[in-house]
Amino acid sequence: MKAVAVTPSQKKVGIVEHTAPAVNADDQVLIKSLEVGICGTDREICTFVYGAPPSGSDYLVLGHESLGEVVEVGGNVRNLKPGDLVVPSVRRPCQHEGCLPCRQGLQDFCSTGDFVERGINQVHGFMTETYTEEEQYLTYVPPELRDVAVLVEPLTIAEKGLAQAWAVQSRLPWVLHEENGKPTGKGLRAVVLGAGPIGILGAMKLKAEGFDTYVYSRSKAPNPKADIVESFGVKYISSLEHDVESLAKIVGSIDLVYEGIGVSSVAFDVLSVLGLNGVYIFTGIPAPRDPIPIEADQIMRNIVLKNQAIVGTVNADKAAFETAITDLGIFMERWPDALKAIITKRYPIEACRELLLDKATGIKNIISFEE
Ligand code: BGC
Ligand code: ZN
C-alpha cells in the first residue's frame, strides 16, 4: 500500500510502497486512515534536520495528526469496534523501569528522553492507507466531529498548555471566577502569538475558557486569518502595525501568553511585556539559527520583580486528547464556520511533495485518503 515517507540516507521525500499491517496482538486495532494533517514538524523532518526512521528501516512514514476509522479489533480490545472514529496520540513511552512519567502513562513528560514518536522519531506515522495501534493510545471520536477531528492533535497542544498554566498558577490566588468547581479565565487577559493552526486553536480554547483573548501575529488586518479570529470574538493585532509596547497598552496587564509562532525574536520581545504574576507558555520549536539580540536584562528583571513563570510544553497526555475532543464539540456548536475554516484544503496523497516541500500556504492542509 501507499505511504508518504522520508528517506534521510537518500534525501528523498515522497510516496513509498509500505507493507500493509495486520492485527497481531489482542490489544491491537487496525485502522483505516481518513485524514492526516500536515504541520511544521513534518516539513522540518523533510529538511532532514529532525526525526529518524525506525531501526532497520531506511525510511520513516510521516504523519502524526491522524483521524482514522477502526476496521478490525484484537480479542482484548474493550471499547472500540469496527466503524468507530479514532484519533491516535503521538508519543510512546520509554522502556526504563525508573521513568516515573512513562510508567504512569505520562510519556509527554518522559524523563529519560528515550521515548519514540509516531511519524517523527523511530516509529512509522499515519500517512499511510492503514495502520495498527494499541487501544490505549487511541481516543474515540463521536461521528458528528468527522469533519474537524483531524484538528484534535494540534488542539491537544493547547489543552496541555493551558493545563500547565493552571497548575503553575495554583502558586497564587489567580483565578477570579470558578464554574462547576473548575477555574475559568474570566477577568484574565491572554495573548496568543501566531495565527497558524496552533495559534488559532489556542485562541479558541482560551476564549472558550473565558479569557479576554488577543492574537498577535504579523500580517496586517484585514486578512483571512484575522477574519477567522475576529469571528469568534478574539481581537487580532498585527505586529507590523503595533510593536510589543503598543500591544501591552492595548491589552493591559498580560496574564498569560500562549506562544504558537515558533519565531524566537517575536517570542522574546513579547516576553518583555508579560504582566505581574504572568505565565508564559512556549510551544514553538524553532530550527536553530544565528543568535539574536534580546532585552535580556529587562526580561530577567521582570521575571524576578514580577513573579513570572515561563513554561515549555511538548506533546500531550490522554487527558488532553479527551478534553480536545470535548472542546471541539463545544467549538463546533459555538463557532462552526471558524472551526471549519482552519482546514484550508484537502488533498489526495499524490500532492504530498508540494505540501511538504513547497512554501506553506493557508492554515491547515490535509491529506485525505478519500480524495
Ligand atoms: C507534535 C508533538 C511532538 C512534537 C515534537 C509536534 O509537532 O505535535 O506531538 O511531541 O512535534 O516532536
Ligand atoms: Zn504536529
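The values are calculated or read from the model by the stated rules, or taken from the named source; none is laboratory data. Keep in mind that this is a model prediction, so the values were computed, not measured. Neighbour counts run over all protein chains shown; Cβ positions are idealised from the backbone, glycine included.
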For this session: Select, from C110, C99, the only residue that is without any contact (Cβ under 8 Å) to a residue 40 or more places away in the chain and within 12 Å of ligand 1 (Cβ to nearest atom).
Result: C110
Exercise. What are the residues in segment 1-34 that are surrounded by fewer than 23 Cβ atoms within 10 Å (Cβ to Cβ) and within 16 Å of ligand 1 (Cβ to nearest atom), if any?
Worked result: P8
Exercise. Can you name the helices (runs of 4 or more DSSP H) wholly within segment 274-368 that have at least 3 residues being more than 21 Å from the chain's Cα centre (by Cα) and in the same structural domain as Y216 (by TED's automatic domain parsing)?
Worked result: 296-305
Problem set entry | Only listed residue being of a type outside the set (G, A, S), in contact with a helix residue (DSSP H, G or I) (Cβ under 8 Å, 6 or more places away or on another chain) and closer than 23 Å to S170 by Cβ, chosen from D327, D269 | D327
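Could you please find all residues in segment 295-309 being surrounded by 15 or more Cβ atoms within 10 Å (Cβ to Cβ) and either touching a strand residue (DSSP E or B) at 6+ places or on another chain (Cβ under 7 Å) or modelled with pLDDT of 95 or more (or both)?
I299, N302, I303, Q308, A309
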Exercise. Being out of contact with any strand residue (DSSP E or B) (no Cβ under 9 Å at 6 or more places or on another chain) and surrounded by fewer than 21 Cβ atoms within 10 Å (Cβ to Cβ), is that true of even one residue in segment 68-75?
Worked result: yes
Exercise. From K186, K182, which residue is more than 25 Å from V266 (Cα to Cα), more than 16 Å from ligand 2 (Cβ to nearest atom), surrounded by fewer than 20 Cβ atoms within 10 Å (Cβ to Cβ) and at pLDDT below 95?
Worked result: K182
